Amino acid sequence: MSAPRRCVLAYSGGLDTSVAVRWLREQLGYEVVTLTADLGGDGRDAADITARALRAGAVAAHVVDARRVFVEHFVFPTLSAGALYEGVYPLATALARPLIAKLLVEVAREEGAVAVAHGCTGKGNDQVRFDVATAALAPELEVVAPVRDWDMGRSDEIAYAAAHGIDVPATFESPFSVDANLWGRSVECGPLEDPWREPPEEVFAWTANPATCDSAGEELTIGFALGIPVRVDGESLAAEELVLGLNTIAGRNGVGRIDHVENRLVGIKSREVYEAPAAVLLHAAHAALETVALPRDVAHLKRQLSGEWARLVYDGLWFGGLRNALAAFVASTQEHVTGDVRVRCARGVVTVTGRRALRSLYSTSLATYDRTDDVFDHAAARGFIELFGLSLRTQARVQGALEDLAPLSLPRQVRRAR
Ligand code: ARG
């Protein structure tokens, strides 16, 4: 008799993935190895997770502390790129998926598995991200999605769990579906499915209600090196510590709540509430530093490409050629994004109050309106404008003025000298 084929399951410890451990064995005959990646979400204990996995029937349970790799290799490059999906979502959930897929592939190779599995449903983006990232890294591995394939609703799952002695975690009682890691908390379902309804206060776990926050707030200085945040108020911090600390400070001042109706890759619009205090603060600070560090044309092109970066991350294409190409562009733009940004967090708002770069392109002697210090050549401006406007002047002379409004006869007051 040949040994059963192995499958590595991305395991959260929740009901879906606990039931999946047993189901993969029972229905598909896999020997199941679980993998849990600690990305700094809502704190769970590694010993507790492995115990749950083994109780559910896994033959081995791996728990990996992947927090630093997550922040250094996925989060910070995306911050440097200025990438926010649809202009608002810092992509916490989306960035975690390619890393978990990579870990699944590594464990699969180590454990001699022929398949990997995840607990995503058939309606979300995450299934796409896992499937596509795995395909990009290990096309030989099969990807199984039990929750997408089985025909069980919530109550069926609970019944299945009870029948197989799998305990139902207490968090399953919440009406919300939550995914969290260091870069943010994503919440959907329940009362949030009505986009007209204001999110109830119990949705939020990382941010104080801005209405009840201290109005003075807190001021802090973020130090960047090559576009990466490395210091808070002069203190050098490891990547994951820096993000964790800023989540606390910005969060207690109500910064980081995002309420968005988002376009999923699978064609659905969905109402999502995010909490991302550090991400909101750091994006504001990083963008402010770029205003003094980047030349105009680079800044403008980068803005366009940041949307591409956000979309490819959202769509699960992290391990693709476009991300590689964009990463080279972004890295080159960050060469002089070194300096400090001072921000104030108060009542849910982060305000930049100062920025300075080591090699700042901002020149006071060029910008000043004070005649004595001014080095700007005003006479040269005349010649520049003469040529800059030349084609429009030619066009008006030869083809007539391009006017899109009839002569304006607006109410007017005129007084003439006698
Ligand atoms: N809509 C977000 C995304 O696709 C977050 C999904 C979060 N999942 C959850 N179970 N709440 O990236």
With the condition being out of contact with any Leu (no Cβ under 8 Å at 6 or more places or on another chain) and within 15 Å of the ligand (Cβ to nearest atom), I'd like the helices (runs of 4 or more DSSP H) fully within region 54-149 carrying at least 3 qualifying residues. 92-111, 126-137
Does region 9-34 hold any residues that are more than 15 Å from C120 (Cβ to Cβ) and of a type outside the set (S, T, N, Q), and which are they? G13, V21, R22, R25, E26, L28, G29, Y30, E31, V32, V33
Kindly evaluate Y362 against the criterion of being surrounded by 17 or more Cβ atoms within 10 Å (Cβ to Cβ) and farther than 27 Å from L237 by Cα. no
Looking for something touching a Pro at 6+ places or on another chain (Cβ under 6 Å), within 16 Å of the ligand (Cβ to nearest atom) and modelled with pLDDT of 95 or more - is there at least one such residue anywhere in region 347-356? no
What single numbered condition from (1) touching a Ser or Thr at 6+ places or on another chain (Cβ under 6 Å); (2) in a loop (DSSP other than H, G, I, E, B); (3) not acidic (D, E) fails to hold for R342? (2)
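Can you work out which of the residues in region 155-172 that are within 16 Å of the ligand (Cβ to nearest atom) and surrounded by fewer than 18 Cβ atoms within 10 Å (Cβ to Cβ) is modelled with the highest pLDDT?
So, considering only residues that are within 16 Å of the ligand (Cβ to nearest atom) and surrounded by fewer than 18 Cβ atoms within 10 Å (Cβ to Cβ), the one modelled with the highest pLDDT is P169.
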Checking V313 against (1) within 11 Å of the ligand (Cβ to nearest atom); (2) touching a His at 6+ places or on another chain (Cβ under 7 Å), which single condition isn't satisfied? (2)
Scope region 183-209; condition surrounded by 15 or more Cβ atoms within 10 Å (Cβ to Cβ), away from the ligand (no atom under 16 Å from the Cβ) and not polar (S, T, N, Q); matching residues: A208
Can we say A180 is outside any strand (DSSP E or B) and within 16 Å of the ligand (Cβ to nearest atom)? no
Kindly indicate whether T207 is of a type outside the set (G, A, S) and out of contact with any helix residue (DSSP H, G or I) (no Cβ under 6 Å at 6 or more places or on another chain). no
Would you be able to say whether some residue in region 138-154 is in contact with a Ser or Thr (Cβ under 8 Å, 6 or more places away or on another chain) and surrounded by fewer than 16 Cβ atoms within 10 Å (Cβ to Cβ)? yes
I need a count of the residues in region 316-339 that are in a helix (DSSP H, G or I) and surrounded by fewer than 18 Cβ atoms within 10 Å (Cβ to Cβ). 10
Among the residues that make up region 71-83, is at least one of them more than 30 Å from P229 (Cα to Cα), among the β-branched types (V, I, T) and surrounded by 21 or more Cβ atoms within 10 Å (Cβ to Cβ)? no
Which ones in region 269-285 are more than 30 Å from A346 (Cβ to Cβ) and either near the ligand (Cβ under 10 Å from one of its atoms) or within 13 Å of the chain's Cα centre (by Cα) (or both)? S270
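When region 243-261 is examined, which residues are found to be within 16 Å of the ligand (Cβ to nearest atom) and in contact with a helix residue (DSSP H, G or I) (Cβ under 9 Å, 6 or more places away or on another chain)?
Matches in region 243-261: G256, R257, I258, D259.
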Which residue, of A279, A225, is hydrophobic (A, V, I, L, M, F, W, C) and in contact with a Ser or Thr (Cβ under 7 Å, 6 or more places away or on another chain)? A225
Exclusive hit being modelled with pLDDT of 95 or more, under 21 Å from the mean Cα position of the chain (by Cα) and under 17 Å from A327 (Cα atoms), set V88, V75: V75
Specify which of the listed residues (V230, V187, V255, V168) is in contact (Cβ under 8 Å) with a residue 60 or more places away in the chain, in a strand (DSSP E or B) and among the hydrophobic types (A, V, I, L, M, F, W, C). V187
Among V243, V261, V280, V292, which is the only one that is assigned to a strand (DSSP E or B) and either at pLDDT 95 or above or over 26 Å from E72 (Cβ atoms) (or both)? V261
Single match in V64, V59 (criterion: β-branched (V, I, T) and in contact with a helix residue (DSSP H, G or I) (Cβ under 8 Å, 6 or more places away or on another chain)): V64
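The values are calculated or read from the model by the stated rules, or taken from the named source; none is laboratory data. All values derive from a computational prediction rather than experimental measurement. Every residue, glycine among them, receives a Cβ derived from its backbone with ideal geometry; neighbour counts consider all protein chains shown.
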